[in-house]
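Visitor: Have a look at this one before I ask anything.
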Amino acid sequence: MKQYMKLLPVLALGMVVESCVDDAILPYSVQKPTSVAQYEYLNNYDVLKSYLDRAKNPNFKLGLAASVSDFVQQGVVYEAVTTNFDEMTAGNAMKYASVVADDGTMNFSTVSNFVDVAKAAGITIYGHTLGWHAQQNMTYLNGLIASTVVPADPSTVNHYLLLHQDTKANPWDGQVYYALDNTLSKGKEYTLSFRAKASESFNFQLWVMRASGADVTVDGGTSIATDWTDYSFKFTPADDDWNTIKFVSGELAGDFCVDDLKLVEAGSEENLVANGDFEKDNLNGWAKYSWHAITYMIQADAAGGSGGGYCLNMTNSAPGTDVWSAQVWYNLSEPLKAGVEYSFTCMAKATDALNIPIYLQSTTSGNQGYLPELVVSKEWNKSTVTFTPSEAIFDKFTFNFGTFNGTISIDNVELKEVGSDVNLMVNSDFEAGNINGWQSWNGYESLSALGEGYNPGDQVIEMTPEEKKDTLTWALDNWVKGMMEATGGYVTAWDLANETVSGTDSDGDGIYELQSSENGDPTTNFYWTDYLGDIDYVRILESRARKYFKEYGGDPSKLKLFINDFNLESWWDGNKKAKSLVEWIKRWESDGVTKIDGIGTQMHVSYILNEADQKAQEDAIVNMFKILAASGKLIKISELDMGIVDKEFGTAIKTENVTYEQQLKMAEFYQFIINKYFEIIPVEQQYGITQWCATDSPADSGWRPGEPTGLWNSSFKRKPTYAGFANGLAGKVIAEPSEELSQEK
């Protein structure tokens with residue numbers, strides 16, 4: 001412990017020590033550069049926790065959020081926490097998705113090790129977080145409540161031949177033909193029969209082709225109805241070289257469905273058309289002319305109703321001139337192999353028939369490979385493309401539909417090496433209730449409503465709302481129990497529920513609703529409230545937290561449970577979110593059993609250079625503290641950090657562009673926030689303050705990238721914001737920056 005206490009002042013003063021030459025080693029005096037000298041006032045500051053009045057509030061906790069993996073290494077992050085703060089909040093290690101695997105197993109080893117290291121250092125831990133809709137294991141949770149599928153008896157699913165053409169043409173411009181194994185006998189009578197229907201009535205012709213290539217018209221015009229109807233044609237070959245049956249459908253604009261196709265010679269029962277009922281998954285013997293626009297495929301009757309489950313919808317409502325202007329892609333876990341044949345298969349349909357260009361793309365090089373188009377009709381059909389990548393670089397499978405106006409639906413997707421059973425596209429039937437792995441730049445992709453997916457006749461048994469609630473209550477119970485066991489009563493303060501309140505008031509009652517799939521994004525978040533209910537969700541969490549905290553060694557009198565949220569200081573809506581949160585706490589506690597101990601306000605703020613906008617923000621912060629104080633709850637500034645913008649909702653100014661004068665303004669704002677906390681929140685309600693970012697955020701960070709969020713810079717050297725934070729804790733200015741230096745540019 002002592003070695004870290006010695007090291008910290010070197011780091012804290014490093015901005016000065018490492019930035020100039022020591023005068024004592026030179027034979028003449030050297031004037032320090034302004035860029036160095038203006039920071040020297042920071043040398044007058046001690047470690048942050050030294051400025052707390054412990055006699056006035058011995059229970060106040062000064063905290064820092066940090067990475068657990070960095071802390072347990074007992075290096076510079078450990079030093080910053082143990083020297084300057086009383087408490088630490090884990091950035092991610094104590095969140096659901098960090099612990100729970102796809103199969104529901106939980107690994108708390110990182111949490112237990114964190115507790116051991118913190119306990120040895122005398123640092124308390126603030127638990128973040130027991131309940132949240134983000135960073136949940138979507139695969140596991142959605143799998144728990146997924147519908148049960150009872151596969152259909154294959155013998156009950158009917159298949160047929162589907163022919164499709166987008167626009168009407170000459171009759172001979174749409175030909176699909178079947179080559180017989182043997183030529184027909186001259187002078188013998190034959191009967192060709194089938195069932196058929198069309199999306200709209202059209203004039204069908206039946207031809208027979210001779211071995212020479214010449215065509216013979218058997219029927220020059222039969223109208224195909226829109227309902228399944230039986231059709232029969234008799235003919236007698238005049239020569240002995242008739243060997244191909246032709247379906248001539250060029251006048252079709254839409255779908256032509258054919259089933260139970262038979263060709264028999266008079267006096268015989270033998271069907272000369274193999275697979276005439278299309279129940280085998282092949283179209284051996286069938287072909288078309290390559291230049292004809294007509295397409296053909298085997299189609300399965302799909303059951304209607306709610307049994308179809310989910311599918312992926314790709315919607316383009318603003319078609320352009322280029323197919324690549326609207327794209328949806330699947331991110332593969334690794335690039336496809338070069339020289340290996342692959343097959344992509346899916347069930348697909350669209351609001352209008354189309355052929356979809358497919359690209360293979362590389363996320364690293366940007367290279368593209370071009371595949372055959374995927375043929376899609378207006379009814380569910382099985383579509384397949386096969387291909388062999390030329391390079392081992394392609395890890396994106398991309399649909400292009402920029403010129404299409406409408407919605408494309410796909411289901412039961414499979415991408416496999418030919419000869420392999422391994423599907424490279426996980427969640428292939430979307431029945432987990434998400435479209436994980438599929439992306440676009442502009443939100444073209446979405447999960448369908450339940451029942452819109454493809455159903456080959458399977459029986460889909462959906463869990464009832466009561467069954468889902470019971471199952472997820474068990475899952476939540478299991479999670480809280482595991483966390484309390486891992487922390488063994490050492491963690492006495494928790495975010496019971498994180499970011500529960502939305503910014504939506506759809507019923508106009510003046511109170512924002514809770515976060516849910518109706519006002520959020522269910523493809524990336526799991527909203528427990530959707531299944532447990534707005535009231536029971538928090539009550540279940542609270543009862544389990546208190547139960548298992550006690551069971552695993554905790555002192556119940558010390559347990560403090562908080563509701564943590566952001567934008568409580570919102571000036572744009574008159575602190576409506578803060579008011580809403582207080583109201584929700586009253587509702588949760590209305591049973592006289594549930595108890596919420598505190599409120600956490602995140603305060604991810606920005607100093608606003610526009611004075612009027614900044615004043616509005618400061619007034620709202622004061623109002624927020626008054627609202628929270630009136631709740632009678634413990635109040636914690638749970639996630640304080642700061643950026644800087646030119647005006648309200650303006651673009652963040654990056655760290656390298658922030659001037660020294662602007663740093664001083666940020667320091668003053670830190671002091672203002674902390675001073676108002678101590679001034680407005682009664683002493684008995686002051687739980688503490690946690691700084692969310694120790695250092696400025698790296699440019700590649702997922703949190704406020706490139707912003708000056710820290711009290712230290714990236715090298716752990718103090719910034720003026722450190723002084724502002726310390727001044728706020730002390731209730732006075734410890735050291736003044738040089739007025740002359742601070743005015744220099």
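Visitor: Quick one: in segment 383-411, of everything that is surrounded by fewer than 18 Cβ atoms within 10 Å (Cβ to Cβ) and closer than 22 Å to GLY308 by Cα, which residue is modelled with the lowest pLDDT?
Guide: Filtering first and then ranking leaves THR384.
Visitor: Just for helices (runs of 4 or more DSSP H) wholly inside segment 449-554: which have at least 1 residues that are within 21 Å of ASP102 (Cα to Cα) and not polar (S, T, N, Q)?
Guide: Those helices (runs of 4 or more DSSP H) span 465-487, 529-532.
Visitor: If a residue must be of a type in the set (Phe, Trp, Tyr) and crowded, with 19+ Cβ neighbours inside 10 Å, how many such residues does segment 140-176 contain?
Guide: Residues meeting the conditions: 2.
Visitor: Going by the structure shown, is LEU559 farther than 22 Å from SER502 by Cα, touching a residue at least 60 places away in the same chain (Cβ under 8 Å) and either in contact with a helix residue (DSSP H, G or I) (Cβ under 6 Å, 6 or more places away or on another chain) or among the polar types (S, T, N, Q) (or both)?
Guide: So LEU559 fits the description; yes.
Visitor: Restricting attention to strands (runs of 3 or more DSSP E) lying wholly within segment 237-308, give those where 3 or more residues are within 17 Å of ARG195 (Cβ to Cβ).
Guide: Hits in segment 237-308: 254-265, 295-300.
Visitor: Shifting gears a bit: From ALA55, ALA118, ALA93, ALA97, which residue is small (Gly, Ala, Ser), under 24 Å from LYS558 (Cα atoms), assigned to a helix (DSSP H, G or I) and out of contact with any Asp or Glu (no Cβ under 8 Å at 6 or more places or on another chain)? Don't jump to the end; show me each part of the working.
Guide: Details: ALA55 fails: assigned to a helix (DSSP H, G or I); ALA93 fails: assigned to a helix (DSSP H, G or I); ALA97 fails: under 24 Å from LYS558 (Cα atoms).
It is ALA118.
Visitor: Exactly one condition in (1) out of contact with any helix residue (DSSP H, G or I) (no Cβ under 7 Å at 6 or more places or on another chain); (2) surrounded by fewer than 20 Cβ atoms within 10 Å (Cβ to Cβ) is false for TRP438; which is it?
Guide: So TRP438 meets the others, but not (2).
Visitor: Return yes or no: is ALA198 of a type in the set (Gly, Ala, Ser) and more than 29 Å from LYS382 (Cα to Cα)?
Guide: For ALA198, the condition - of a type in the set (Gly, Ala, Ser) and more than 29 Å from LYS382 (Cα to Cα) - is not met.
Visitor: Can you tell me how many residues within segment 177-200 are among the hydroxyl-bearing types (Ser, Thr, Tyr) and surrounded by 17 or more Cβ atoms within 10 Å (Cβ to Cβ)?
Guide: 4
Visitor: Regarding segment 607-620, can at least one residue be identified that is assigned to a strand (DSSP E or B), assigned by TED's automatic domain parsing to the domain that holds SER557 and at negative phi? Outline the logic, then answer.
Guide: To start, the set of residues in segment 607-620 that are assigned to a strand (DSSP E or B) comprises 607-608.
Filter again for assigned by TED's automatic domain parsing to the domain that holds SER557, leaving 607-608.
Going one step further and asking which of them are at negative phi, we end up with 607-608.
Scanning segment 607-620 turns up at least one residue that is assigned to a strand (DSSP E or B), assigned by TED's automatic domain parsing to the domain that holds SER557 and at negative phi.
Visitor: Can you tell me which residue among GLU707, GLU684, GLU679, GLU639 is surrounded by 18 or more Cβ atoms within 10 Å (Cβ to Cβ), of a type in the set (Asp, Glu) and under 30 Å from ASP597 (Cβ atoms)?
Guide: On the way: GLU707 fails: under 30 Å from ASP597 (Cβ atoms); GLU684 fails: surrounded by 18 or more Cβ atoms within 10 Å (Cβ to Cβ); GLU679 fails: surrounded by 18 or more Cβ atoms within 10 Å (Cβ to Cβ).
Going through GLU707, GLU684, GLU679, GLU639 in turn, the sole match is GLU639.
The values are calculated or read from the model by the stated rules, or taken from the named source; none is laboratory data. All values reported here derive from a predicted model rather than from experimental measurement. Glycine also receives a Cβ, built like all others from the backbone with ideal geometry; neighbour counts cover every protein chain displayed.
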